[in-house]
1. Of the conditions (1) surrounded by fewer than 17 Cβ atoms within 10 Å (Cβ to Cβ); (2) in contact (Cβ under 8 Å) with a residue 40 or more places away in the chain, A:GLN38 satisfies every one except a single condition; which number is it?
2. I need every pair where a residue in the range B:532-547 that is surrounded by 15 or more Cβ atoms within 10 Å (Cβ to Cβ) has its Cβ under 7 Å from the Cβ of a residue that is among the aromatic types (Phe, Trp, Tyr), sequence separation at least 6 or different chains.
3. Output the residues belonging to the range B:125-183 that are farther than 30 Å from B:ARG226 by Cβ, of a type in the set (Phe, Trp, Tyr) and part of a helix (DSSP H, G or I).
4. Going by the conditions given, is B:TYR224 crowded, with 19+ Cβ neighbours inside 10 Å, assigned to a helix (DSSP H, G or I) and in contact (Cβ under 8 Å) with a residue 40 or more places away in the chain?
5. Being assigned to a helix (DSSP H, G or I), farther than 11 Å from B:PHE93 by Cβ and of a type in the set (Phe, Trp, Tyr) is the filter here, so list the residues in the range A:186-221 that pass it.
6. Within the range B:442-460, is even one residue among the hydroxyl-bearing types (Ser, Thr, Tyr) and either surrounded by 17 or more Cβ atoms within 10 Å (Cβ to Cβ) or over 33 Å from the mean Cα position of the chain (by Cα) (or both)?
7. Considering every residue within the range B:261-269, establish whether at least one is surrounded by fewer than 16 Cβ atoms within 10 Å (Cβ to Cβ), over 28 Å from B:LEU128 (Cα atoms) and modelled with pLDDT under 85.
8. Does A:PHE489 satisfy being surrounded by 17 or more Cβ atoms within 10 Å (Cβ to Cβ) and within 34 Å of the chain's Cα centre (by Cα)?
Amino acid sequence: MKALQAWAFQYRTVLIILFLLTGVLAAAIIVQSYAIVQVVDGVFVQDVSFEEISFFLVILVGALLIRSVVNYSNARLGLHLSLTVRKSIRNDLLSKWTKQPVSEKGRNQTGEKLTTLIDYVDQLDPYFREYVPQVIKTTIVPLAILISVFIVNPNSGWIMLITAPFIPISYILVGLKTQQKSDRQLAELSFFSGKFLDILQGLQTLKLFGRGKEQATVLKETNAGFQKTTLSILKIAFASSFFIELIITLGIGLLALEIGFQMLVFETLAFAPAFFVLAIAPEYYNSLKELGAAFHTGRGSLAAAEKLKEELDAKEKSVKWGSSPLRSPIRLDLNKATYSYGGEFTLQIDALEALPNERLVIIGPSGQGKTTLLGVLAGLYDPFTGTIVVNGKERNTVDESSWWDQTTYISQHPYLFSGTIRENIEMGTVSSDDELKHAIEASGLTELISTLPQGWSTAVGEGGRGLSGGEKQRIALARSFLKKPALVFYDEPTIGLDVKTERILSQSMESLSETATVITVAHRLPTIRKADKIAVLEDGRLVAFGPPEHVIRENAYAASLLEGGDDV
Amino acid sequence: MKELISLLAEERKDVAIAIALGAVSGLTAIALFAQSGFLISQAALSPPFYTILILTAFLKLFGAVKSSSKYFERLISHRVTFQALSRIREHFFAQLSPLVPQIFTRYRSGDLLSRFVSDVEIIQNFFLRVVYPPLVTAVVFLATVFFTLFFSIWLALVMILGFLLVALVIPALFSERLRRNDVLVRRAAVATEAAEYIAGFRELKLHNQVKQKEQAVQQAQEAYIREQRQVGNVQLWSQTLNASVASLTAFGILAVGAYLVAQGELNGLFLAMLTLVALTSFETAVPIAGVPGHLHESRQALNRLQVVVDEQPPHHYEKLNQASAYSLHVQNVNYLYPEADRFTLKNLNLELIAGTRTALVGASGSGKSTLLQLLAGMASPTSGDIRVNHQSLTALDPESLWNVVGVQLQTSHFFYGTIRENLAIANPNAQDQELQDALEKAQFIIELDAPVFERGENLSGGEKQRLALARLFLTKKAIYLFDEPFTSLDYQTEKNLTDELWKHSMGSTIVLVSHKLSGLEQMDQIVVLDHGQIVEKGSYEELMTQKGVFYEMKQIESTIL
């Protein structure tokens, strides 16, 4: 609740206007009942002419119109508040994520983050749109009505005051009861409601095992269970509104009885105040009742708000950058760097260097932190301690965009954006047709593109044409050729490429290496053989580093790879 | 729409009861206020005290009837809704079922199924939000107008006018605008941009494009917010207009009534009562405003469902002739995924001799998994034929085919429940001992009662593959088709399980899709696919001596660490 309140209080003006308008609303409600009473009292009791009461009819129309206008404005303010808060929270999330380093968990997080950004934020809607205006209404309207009733007929005022708390009390009691009873039932409910999808998704499997026919029966049983559980949960909710309506009816009945007694037995009450009380009583009880309903909807926002708060408050460890431009050729040094994630894995390297236009190859058994090391070198993450030095200056003094302009990082699973092939190669830059053609040629995409009716304007990515893993790799390569990088980071793919892509990849890396410092996490023997320097990683530590002939002597793992002959 | 109404008609008794109860609760609510207005007007005339007592007693009675009829009305109308939901689910399930799995070549299964479920959920509200409110309101209103007629025809006319405006004119005025709402489209656009921003974050970073993409998401959200604001405002307008007309009608009753009283044409005793009647009778009309919107939603959902279930179910006539062993013969098969622009399989010819083992190898995208799905009868060739012994696979009843074919795809579905339940799918009559043996053979040590979450979310990739394998060990089929069944397992486990698999499937016709080239020495035939075509086939030795594509692939694989 606190987070939600804090967000609401950021828009104090809206809240103040809501308060003021609700005050007007309360006044209009009172005036409305007053005018109705005057009209009826005039023609019925006082027997005056229609002309004499027409003044009150005008007042009544005025009050009714003001009520409509205020209700409309309040609802609009609620909508405005909800939209504004949601927009600003979404933008906060985005700007926070933009500053974050690339996640080590990679794309697995996509679903989770997407739910946070879209669904959780939208779940805040009922709180701001309905609950906030309703709370303001419920604090002002019943109080104003109560005061007016106390002025007109204090005895009715006491009855209203005494019966009022029963409404929130029964909400709380029923709420507690439902809480106890329904946790289990809600679990059951989510099982039943998920079962339909479960059966549909599993239908293929079921059919392959010859169990397709039985599923209609399973579905029938599930539906029956779903119905039973849902109804038993709803029964509690219905019973709660039954009690509340009973309390309200009882309250109004008590009022009528009290008024009747006063009018007839004690003859202390005239028609006008009596009718006033009766006309305004439902307004009083209804606004109390509505708070309960709004509270129920508002509560749905709580869980989402907590998750959002958690995400927004999470500490970020953004990569630090400076302002001096990067000049090629590039020399990279890593000094006493450590890095860890998840508390489990630690990278700890004393010294590692890549000289200008050198080929540095990182090897080691799988799961030893090779890709993480590549990420640290590439500026995707900052090391926890230690420094990375670029051409003699610490990396955090280098301008970020000039860094990315001159580096390229080819990952094992490149991501394609929804757009044309050209857009995917250019990645936001503008290039001439000739430059593009050259990049396509160099990455071996010419043949593929010539078979496409729309050439490089063919849409790929989500909703576009599907490409195979090898084709994606080649698009990533084309991106690199367009950039003409001075620094290349390459996480070599392990499996699943066609023979042709394999050839293209090795040729392309060759030509990129001529003018760049290349750091590769290698999974292929030929790559290792062409290295100028080899770094062997084990358990997050550098166990050997230097020219191949040196490393072979130092490290058994490297030796076994390089001296095993041509055909391993 | 007809279908939906006929489904509802099966619940007509409950529907009638719900409407009757709704009318009773609506009417007693009005009566309650009428009564109290009448009570105090009476009291003003100083009648004998017992009149007041009787009137108050009625007040209590109305109150109790109103609250309890409301309670039962809610209960029964929701019961109707759930019964209708069951029928709707069963109805559409029965229509979708024959189309699975072939339909998944046309629609991505995740999209199709979740849309299917949510569309069914939308039309579950057809009764509660579309059929029910106008009927109840009509009954309540007719009764109220009838009641008013006893006092003055003019007052009744005012009521009718107000009712027509609130229930028909105003909703009709706004329905067109509310129908043209793009909120969901805009929301999906935000999700699409955001998904690219999140999933492509590294690439965006590497190309200095993070800020640009962030702005793209922000722009998509601007459009989403703008649309929500516009639609919200229209909704508010329609609600406000409705409420204003309702209260102006009550005002009209009071003004006309007061005039009539002043003229001596109406007894002043009834004025308070009639005013309160007018104020309350419009409460039942409020849900009417939502009817056009919900009707439109239901209709759209229904149309979407219709598009899916209108797909022609494949016609299968023949049962597969029983035999001790089956050969598979692929003849000139081409395959084009719906809406794709290039063939995934091109003019494929292949003979799979009964009782032999064939491996399909090739790069990702070469068409090997597609070929396997065609062999499994999960999709039909665009042209050409696949024959099982001498019967054409497309003419076969798929159930009779799956009686002899065991299939394990890259990913298998697991159901919410227990390990036992998930194994029992393969053989419902199996004893616990058999289930345990199957798990053991699959090298999966786990209790039979261990829970399995939805889609097997609590199992790791390797556990899922071993559970799927255990499931297959419970069957004895003449044909087994495997699509990279061991990708998530380490080398030693994979080797052990492959041996176990060959033992279990001895004598069966086997097709194995594999991206790894090791262990293929045991296969009778290796088929190398590239871009949907067979580029080489033969035994391991033949291909290695030929020094063609397979040999080159093997060379590359050997250099990979």
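1. With respect to (1) surrounded by fewer than 17 Cβ atoms within 10 Å (Cβ to Cβ); (2) in contact (Cβ under 8 Å) with a residue 40 or more places away in the chain, A:GLN38 is out only on (1).
2. B:GLY532/B:PHE343; B:GLU536/B:PHE550; B:LEU543/B:PHE550; B:LEU543/B:TYR551; B:MET544/B:TYR551
3. Selection gives B:PHE126, B:PHE127, B:TYR132, B:PHE141, B:PHE146, B:PHE147, B:TRP154, B:PHE163.
4. Numbers: crowded, with 19+ Cβ neighbours inside 10 Å: yes; assigned to a helix (DSSP H, G or I): yes; in contact (Cβ under 8 Å) with a residue 40 or more places away in the chain: yes.
Yes: the conditions hold for B:TYR224.
5. The answer is A:PHE191, A:PHE192.
6. No, the conditions are met nowhere in the range B:442-460.
7. No, the conditions are met nowhere in the range B:261-269.
8. Values: surrounded by 17 or more Cβ atoms within 10 Å (Cβ to Cβ): yes; within 34 Å of the chain's Cα centre (by Cα): yes.
It is true that A:PHE489 is surrounded by 17 or more Cβ atoms within 10 Å (Cβ to Cβ) and within 34 Å of the chain's Cα centre (by Cα).
The values are calculated or read from the model by the stated rules, or taken from the named source; none is laboratory data. Being a predicted model, the structure only gives us computed values, none of them experimental. Reconstructed Cβ throughout: ideal geometry from the backbone, glycine too, with neighbour counts over all protein chains shown.
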